[in-house]
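> Mind having a look at this structure? Questions to follow.
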Amino acid sequence: MPLTTARPVKAFDPLLRLAHWWIALSIVLLIATSQLAEVFEHRPREAVLWEWHIVSGYALTAGLAVRVLWGLVGPATARWSDLWHPLAWTGLLRLHWPAARRGHDAAASLAFLFFYALVAVMLVTGFGLSATEFGTGPLAGVLDGAARFEWLFDEPHEAGFALILLFIAVHLGALVFHHRRGERVAQAMVTGNQFVAKDTGAGHE
């Protein structure tokens, strides 16, 4: 969208933006601690890094919980309904990209819903691994020391990790794509403002 035909409108509230960055930072910490733990495998620092990995998992849980609740009681552009656009998704099959709107992009919202579901799966499998491997975490009371159940969580967690990395790459790539087209979308989760066409309203697809 050319900047000359767009105007800034308030779209995303402070709590939504805080949850967004809290979740993003938690995921960065989870990735960093897991990879460093692999580097320092069988060394004294490995145990400390896995401890921080688990703590980062708690932080991600808190961020996701806030996002889920705010999606139920927050303003219109924070609600889960703002991410639900089945007509736009089926339109993609016909190579029809929906028009810009105030709030979450109608087409990209499907990827966002997938991401939140993926994060939930990663948390469950991650806490399952922390219980079976280290005897700690919210599932420790059920799975404490039950190493025989580790396989239930290990492979899904590894697959989820790869999908998280893929989502991050696609998300960042999309931001670069929009920037090169002159569309100011990257700052929306910083300032809360979106640049939309003058005739675009909330809920327009």
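> Filter segment 53-75 down to residues that are more than 15 Å from the chain's Cα centre (by Cα) and surrounded by 17 or more Cβ atoms within 10 Å (Cβ to Cβ) and give me whichever is farthest from VAL121 (Cα to Cα).
GLY74
> Let me ask another. Which is more than 23 Å from VAL185 (Cβ to Cβ), at pLDDT 95 or above and out of contact with any Leu (no Cβ under 7 Å at 6 or more places or on another chain), of LEU25, LEU60, LEU69, LEU36?
Details: LEU25 fails: more than 23 Å from VAL185 (Cβ to Cβ); LEU60 fails: out of contact with any Leu (no Cβ under 7 Å at 6 or more places or on another chain); LEU36 fails: out of contact with any Leu (no Cβ under 7 Å at 6 or more places or on another chain).
Just one listed residue meets the conditions, LEU69.
> Which ones in segment 136-150 are under 24 Å from ARG67 (Cβ atoms) and either aromatic (Phe, Trp, Tyr) or without any contact (Cβ under 8 Å) to a residue 24 or more places away in the chain (or both)?
PRO138, LEU139, listed by residue number.
> What pairs can you find where one residue is in segment 118-135 and in contact (Cβ under 8 Å) with a residue 12 or more places away in the chain and over 14 Å from VAL68 (Cβ atoms), the other is charged (D, E, K, R) and not in a helix (DSSP H, G or I), and their Cβ atoms are less than 7 Å apart, with a gap of 6+ or different chains?
Hits for this filter: ALA131/ASP144.
> Restricting attention to segment 113-133, which residues are aromatic (Phe, Trp, Tyr) and under 20 Å from ALA19 (Cα atoms)? Let's see the steps before the verdict.
Here is the first cut: in segment 113-133, the ones aromatic (Phe, Trp, Tyr) are 114-116, 127.
Of everything in segment 113-133, those that are aromatic (Phe, Trp, Tyr) and under 20 Å from ALA19 (Cα atoms) turn out to be PHE114, PHE115, TYR116.
> Across segment 31-47, which residue is farthest from GLY160 (Cα to Cα) among those that are surrounded by 14 or more Cβ atoms within 10 Å (Cβ to Cβ) and out of contact with any Asp or Glu (no Cβ under 8 Å at 6 or more places or on another chain)?
Selected residue: GLU46.
> So which helices (runs of 4 or more DSSP H) are wholly in segment 124-205 and hold at least 3 residues that are modelled with pLDDT of 90 or more? If you could, list the steps in order and put the result at the bottom.
Values: elements: 140-143, 150-180, 188-191.
Of the helices (runs of 4 or more DSSP H) lying wholly inside segment 124-205, those with at least 3 residues that are modelled with pLDDT of 90 or more span 150-180, 188-191.
The values are calculated or read from the model by the stated rules, or taken from the named source; none is laboratory data. Everything numeric in this text was worked out from a predicted model, so none of it was measured. Positions of Cβ are backbone-derived with ideal geometry, glycine not excepted, and every protein chain shown enters the neighbour counts.
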